[in-house]
Amino acid sequence: MHMDKFKPVQTRADHLSEAIAYAERSVVSKQLIKSPAGNITLFAFDEGEGLSEHSAPYDAFVQVIDGEAEITVGGVKHRVKTGEYIIMPANIPHAVRSMGRFKMMLVMIRG
C-alpha cells in the first residue's frame, strides 16, 4: 500500500465534552473528520437552540455527550440524554431541540 495517497489524520486523545465549547444563544459545530466515506462533527447547543426539521441523503448516528435534547425523527419525538444515542435514517425528516445546554457528536455515513 502506498501511503502518499492517504491524508494524515491528526492523532491525539481528547475528551469529547471538552473538545467543543458552548456559546451564548448559539449552535456551535466543529468538524473532526471529513472524508468521502462520511463526517464526524461535534455540536454544542445553548439552551433553547436547535436545528429545524430537515433531511439528509445519508444515515446519521447521534451520540449525546452532555445534557439532554428532544430529537424528532419521522414525526416521532425522542428524549435523549448524556450517554444515549439515536440513529436517523437517510431521507427521513428530523429536528433537534435542546433541553438546556446540550452537546452531541454526529456521525454521517455515506454510501
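In a residue-by-residue description of the stretch 52-62, the property of being exposed (fewer than 12 other Cβ atoms within 10 Å of the Cβ), among the polar types (S, T, N, Q) and free of Cβ contacts under 8 Å to residues at least 40 places away in the same chain applies to no position.
Within the stretch 34-51, the residues that satisfy the criterion of being of a type in the set (A, V, I, L, M) and surrounded by 13 or more Cβ atoms within 10 Å (Cβ to Cβ) are Ile40, Leu42, Ala44, Leu51. For Ala69, the criteria (1) touching a residue at least 40 places away in the same chain (Cβ under 8 Å); (2) surrounded by 17 or more Cβ atoms within 10 Å (Cβ to Cβ) hold in every case but one, which is (1). Comparison of Ala13, Ala60 shows that the only residue that is under 15 Å from Met105 (Cβ atoms) and not basic (Lys, Arg) is Ala60.
Every number in this text was worked out from the coordinates using simple rules, so none of it is lab data. All figures in this text were calculated on a predicted structure; none of them were measured in a lab. Cβ atoms come from the backbone with ideal geometry, glycine included; neighbour counts cover every protein chain shown.
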